[in-house]
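This report refers to the structure that appears directly beneath it.
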Amino acid sequence: MTLKLSTLNFQFSIFLCILLYLPSLVSGQTLGAQVHSFKQVYDSVYGIQFYDKYNPMLGGDSVRKYSEGHLCNGLIEDHYPDGTLLHKGFYTDGRLTQFTNYYPNGEVERVFKPTSDRKSELKKYYQNKIIKSDVKYYEGVTTLWQDYFDNGQLSYLEEYGKWHTRVLRRCSYYRDGKPASIFEPLEIKGALIKYSQKEYFPNGQLQEESEALYNKDDYDFLKDGDDKIYDDKGNLINEYEYVGGKINSTIK
């Protein structure tokens, strides 16, 4: 009799657990899950940046908690009101370490993940699946940033050395792939780097070419050397010599 009662109690406990967790299993939600509308989480310029605040690698300084006040740990999935998956993230003590966000149509909006002990990567996508942005980090600091047009053409590229100590490249492009601006090292002598800056017309013709040095006091680049300006037919219009960001002489 005792054995039968124990068996019945055990079966009842299993049944009770199923009843308690059935709603979350049916809706596909995990512990600590939330429901948000697309309007709540989406920014027309930056996309679904809602969860970046929980990721220290992306500059976030907030922690996510369960409704009881405890810090979130493990896998958490958030949904749109219709049940479609919005966010799948892995949390450690309230901090987001790896995640994927989704558009309401089910397509991936962005993916953030570590690629090594010190490196991580963030990729964003347009709703047509074409990549929108690809950013690489070294110990939480940006080393490479690439943005794309919705036709897949590269629109902007910015590359730094480790820990953001020096600019390696800073380039922008027109929608058809022609260069709009190319900024890259021209000469490197120890800590001193001279850069070449070239600006282009939409037709591909060179508009201006100059040289620049980095000024640590102003945290900016100052023109230093020849500066030539052209019209859209390739004719030289003006030519100057710069020293420390100021015109030293007019050549033409």
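Here are some notes:
- Boolean, Arg95 is buried (at least 18 other Cβ atoms within 10 Å of the Cβ), at pLDDT 95 or above and either closer than 23 Å to Leu157 by Cα or small (Gly, Ala, Ser) (or both): no
- Residue check for Asp226: assigned to a loop (DSSP other than H, G, I, E, B), over 34 Å from the mean Cα position of the chain (by Cα) and surrounded by 11 or more Cβ atoms within 10 Å (Cβ to Cβ): no
- The single residue among Tyr125, Tyr103 that is over 16 Å from the mean Cα position of the chain (by Cα), farther than 29 Å from Glu187 by Cα, buried (at least 18 other Cβ atoms within 10 Å of the Cβ) and of a type outside the set (A, V, I, L, M, F, W, C) turns out to be Tyr103.
- Of the set (1) within 20 Å of Tyr156 (Cα to Cα); (2) small (Gly, Ala, Ser); (3) at pLDDT 95 or above, all apply to Gly74 but (1).
- Residue match in segment 200-216 (condition: under 30 Å from Tyr125 (Cβ atoms) and surrounded by 17 or more Cβ atoms within 10 Å (Cβ to Cβ)): yes
- Flag for Phe112 being within 14 Å of the chain's Cα centre (by Cα), within 27 Å of Gln34 (Cβ to Cβ), in a strand (DSSP E or B) and at pLDDT 95 or above: yes
- Selection from segment 43-74 of residues that are surrounded by 15 or more Cβ atoms within 10 Å (Cβ to Cβ), outside any loop (DSSP other than H, G, I, E, B) and among the hydrophobic types (A, V, I, L, M, F, W, C): Met57, Leu58
- The number of residues in segment 131-188 that are without any contact (Cβ under 8 Å) to a residue 12 or more places away in the chain and either of a type in the set (Val, Ile, Thr) or touching a His at 6+ places or on another chain (Cβ under 8 Å) (or both) comes to 2.
- Residue that is farthest from the chain's Cα centre (by Cα), among those in segment 82-100 that are assigned to a loop (DSSP other than H, G, I, E, B) and touching a residue at least 40 places away in the same chain (Cβ under 8 Å): Gly83
- Residue in segment 152-165 that is part of a strand (DSSP E or B), touching a Pro at 6+ places or on another chain (Cβ under 8 Å) and either within 30 Å of Gly47 (Cα to Cα) or among the aliphatic types (A, V, I, L, M) (or both) present: no
- Flag for Lys129 being farther than 23 Å from Leu213 by Cβ and in a loop (DSSP other than H, G, I, E, B): yes
- Just so you know, in segment 166-198 the residues that are of a type in the set (A, V, I, L, M, F, W, C) and modelled with pLDDT of 95 or more include one that is surrounded by the most Cβ atoms within 10 Å (Cβ to Cβ), and it is Phe183.
- Checked against (1) of a type outside the set (Asp, Glu); (2) surrounded by fewer than 17 Cβ atoms within 10 Å (Cβ to Cβ); (3) in contact with a Ser or Thr (Cβ under 8 Å, 6 or more places away or on another chain), Trp163 passes all but condition (3).
- Of the residues making up segment 137-153, just one is surrounded by fewer than 17 Cβ atoms within 10 Å (Cβ to Cβ), within 22 Å of Gly59 (Cβ to Cβ) and modelled with pLDDT of 95 or more, namely Leu144.
- Single residue of Asp147, Asp176 found to be part of a strand (DSSP E or B) and either within 29 Å of Asn238 (Cα to Cα) or touching a strand residue (DSSP E or B) at 6+ places or on another chain (Cβ under 7 Å) (or both): Asp147
The values are calculated or read from the model by the stated rules, or taken from the named source; none is laboratory data. In this text the structure is predicted, and so the values were computed from the model without any measurement. Note that each Cβ is placed from the backbone with ideal geometry, even for glycine, and that neighbours are counted across all protein chains shown.
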